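These notes concern the structure reproduced below.
The values are calculated or read from the model by the stated rules, or taken from the named source; none is laboratory data. As the structure is a prediction and not an experimental result, all values here were calculated from the model. Because the Cβ atoms are built from the backbone with ideal geometry, glycine has one as well, and the counts that use them run over all protein chains shown.
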Amino acid sequence: MGRIFKEVKIAGAVGGYKKFIALFDSGATHNYIGERFLNTSGVIEYGEESEHTAVGNNLVKCRRIKLKSLRIRNRAIVEPEFYSIGRDGTEVIIGAKTMQKLKIILNPAIKEISL
């Protein structure tokens, strides 16, 4: 299991892309994004409210949302799905499913990702 922080970009923010630091977490199945980040970043999202098992296998109420696109280095994924959570701490978490789609490999020993 690995956890690495790296810069990514989300499309749909005022002025094109919004750059931010995300946690790449191979222990997280899904992507998560903080409500505070959504409210302050200017990123456009759409979705529905649902309940989802997250954060230590606890059932939490969150919104399942899609963003316009997510760019990690030279690769992009259109309409990536995130679960919004109202917790403090890391604002954006990239989970294993997205890493598999983009063929991202974590190397925790040197704190780097490979595409």
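Annotations for the structure displayed:
- Among the residues listed as 33, 10, 93, the single one being part of a strand (DSSP E or B), touching a Phe, Trp or Tyr at 6+ places or on another chain (Cβ under 9 Å), modelled with pLDDT under 85 and crowded, with 16+ Cβ neighbours inside 10 Å: 10
- Only residues that are modelled with pLDDT under 85 and buried (at least 17 other Cβ atoms within 10 Å of the Cβ) were counted across the stretch 18-30, and they come to 1.
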